[in-house]
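Okay, so here's the structure we're looking at.
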Amino acid sequence: GAPITAASVDPLSAHFPLCMRSLHMTLRKNNHLKHFGRLQYSLFLKGIGLSLDECIVFWRQSFRGYTDDEFNSKYKYNIRHVYGDVGGDVNRRGRGYPPYSCQRILTESAPSTGQTHGCPYRHFSVDNLTALLQTTGVHDKDILRGVKEDVEKQRYHIACNRVFEWAHKAEIKKVKEDGSWNQTDLDTIVHPNTYFKRSYLLKT
Ligand code: SF4
């Protein structure tokens with residue numbers, strides 16, 4: 001498809017898993033994200049194919065109310081670091097760090113008050129999780145009940161897959177019926193970038 005640019009992120013966010021949608025919505029609401037949120041989101045955006053230059057444009061435009069000097073001195077370096085454009089580790093030059101897997105997001109540095117990184121299925125209260133799901137169009141009572149049961153059993157990524165399968169029900173049925181996808185194409189999702197890619201391929 002067409003190259004992914006800073007301007008593509010808003011429309012593409014419909015395909016993002018809840019962790020990244022939550023970051024995106026918070027960024028749009030506050031025109032700012034804290035450090036770990038920027039890190040988790042920048043790595044994900046790199047993983048969907050946003051180039052370093054476009055990623056800098058994306059954050060620059062998103063951080064309204066900051067001057068170019070403030071933006072450049074406070075935030076730009078970390079974005080370049082994510083992409084391996086700067087930093088001490090020569091082995092990562094030009095590549096930077098890999099996007100975080102669900103496992104890593106679920107188990108590392110839980111967000112404290114005011115932070116929005118992490119996995120909403122794990123790190124949000126059930127009430128806040130339900131409200132967030134409803135904001136993204138998940139209103140089905142059976143799905144919301146299933147999610148609640150999953151998270152009570154600490155099966156967070158199962159909850160995420162449940163929502164994915166529900167949101168892509170028609171498309172999954174179609175690719176199964178016409179044989180264009182097999183079961184391995186529909187394995188349990190354990191990486192936010194897999195969630196995006198699969199959603200994008202199914203819906204477009
Ligand atoms: Fe994101 Fe993985 Fe949590 Fe889904 S299970 S919201 S992809 S961290």
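A few notes on this one:
- Taking first residues from the stretch 79-99 that are over 20 Å from Asn193 (Cα atoms) and partners that are open to solvent by 70 Å² or more (accessible area, probe 1.4 Å), the Cβ contacts under 6 Å between residues at least 6 apart in sequence or on separate chains come to Val86/Arg80.
- Checked against (1) more than 15 Å from the ligand (Cβ to nearest atom); (2) open to solvent by less than 30 Å² (accessible area, probe 1.4 Å), Arg80 meets all criteria but (2).
- Of all residues in the stretch 87-104, those that are open to solvent by less than 80 Å² (accessible area, probe 1.4 Å) and near the ligand (Cβ under 9 Å from one of its atoms) total 3.
- Residues located in the stretch 6-24, provided they are under 14 Å from Val138 (Cβ atoms) and surrounded by fewer than 18 Cβ atoms within 10 Å (Cβ to Cβ): Ala14
- Any chance Arg198 is within 15 Å of the ligand (Cβ to nearest atom), touching a residue at least 12 places away in the same chain (Cβ under 8 Å), open to solvent by 70 Å² or more (accessible area, probe 1.4 Å) and closer than 24 Å to Met25 by Cα: no
- Taking each residue of the stretch 180-194 that is polar (S, T, N, Q) and looking for partners that are at pLDDT 95 or above with beta-carbon atoms closer than 6 Å, six or more apart or interchain, yields Thr188/Asn161; Asn193/Gly47; Asn193/Pro99.
- If you go through the stretch 44-59 and keep only what is within 10 Å of Tyr83 (Cβ to Cβ) and surrounded by fewer than 19 Cβ atoms within 10 Å (Cβ to Cβ), you end up with Ser51, Leu52, Asp53.
- Complete set of residues in the stretch 161-194 that are open to solvent by 20 Å² or more (accessible area, probe 1.4 Å) and within 11 Å of the ligand (Cβ to nearest atom): Arg162, Thr188, Val190, His191, Asn193, Thr194
- Index of the failed condition, Thr130 passing every other in (1) closer than 20 Å to Phe16 by Cα; (2) surrounded by fewer than 20 Cβ atoms within 10 Å (Cβ to Cβ); (3) under 16 Å from the mean Cα position of the chain (by Cα): (3)
- Pick from the stretch 105-123, criterion open to solvent by 40 Å² or more (accessible area, probe 1.4 Å) and either among the hydroxyl-bearing types (Ser, Thr, Tyr) or at pLDDT 95 or above (or both), ranking: farthest from the ligand (Cβ to nearest atom): Thr113
- Of all residues in the stretch 136-160, those being more than 16 Å from the ligand (Cβ to nearest atom) and either open to solvent by less than 70 Å² (accessible area, probe 1.4 Å) or farther than 18 Å from Pro120 by Cα (or both) number 3.
- When residues in the stretch 170-196 are screened for being of a type outside the set (A, V, I, L, M) and over 21 Å from Ser13 (Cβ atoms), 14 of them pass.
The values are calculated or read from the model by the stated rules, or taken from the named source; none is laboratory data. Remember, predicted model here, so these are calculated numbers, not experimental data. All Cβ positions, even for glycine, are placed from backbone atoms using ideal geometry, and neighbour counts span all protein chains on display. Just the protein is used for accessible areas: all its heavy atoms, side chains included, with ligands, DNA and RNA removed. Shrake-Rupley method; radii C 1.70, N 1.55, O 1.52, S 1.80 Å.
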